[in-house]
Amino acid sequence: MYTISSTIYKGGKSTIFAVISMFLRYFYKISLTFGGVLLGLFLGLIVAIITKRVYNDTILCINATIVTGFLGYFIAETFLKGLGYYFSGIITLISIGLFMSNFVKKNFKGEC
């Protein structure tokens, strides 16, 4: 909203159609970020559930976390773009990592 109001203040068009088009253009950048965060949290939640149910198999837990990182980036950058949704793969990867560092690390049982 700041960018839109700043553009109008600096002499940009202030018609309703110009404001809507500016909002949609900036909403694209916002959807990259928030879409990546939501996808990362969703995939991190799935890995948290998987690692919670696995008992004493550290190799499987480690493989699940590594594969989730690759899978999240691939889904965001390739698969969803083919469907017309634009999510940031890097933001997805970062949110998966942050989620897993808080919740999944506690689920590892056994010797590491």
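What follows is calculated from the coordinates using simple rules that are stated; it is not laboratory data. Only a predicted model underlies this, so the values are computations on that prediction, with no experimental measurement involved. In this analysis, Cβ positions are derived from the backbone assuming ideal geometry, glycine residues included, and neighbour counts consider all displayed protein chains.
Results, tabulated for the structure shown:
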item: Difference of contour (0.36 nm per residue) and Cα-Cα distance, residue 52 to residue 21; result: 6.6 nm
item: Contact order normalised by residue count of the range 30-107, Cα under 8 Å, 6+ apart, percent; result: 49
item: Whole-number D in µm² s⁻¹ for the range 30-107, Kirkwood Cα-pair radius fed into Stokes-Einstein, 37 °C, 0.692 mPa s; result: 265
item: Separation in nanometres of the label points that stand 7 Å from Cα toward Cβ, at residue 102 and residue 33; result: 1.8
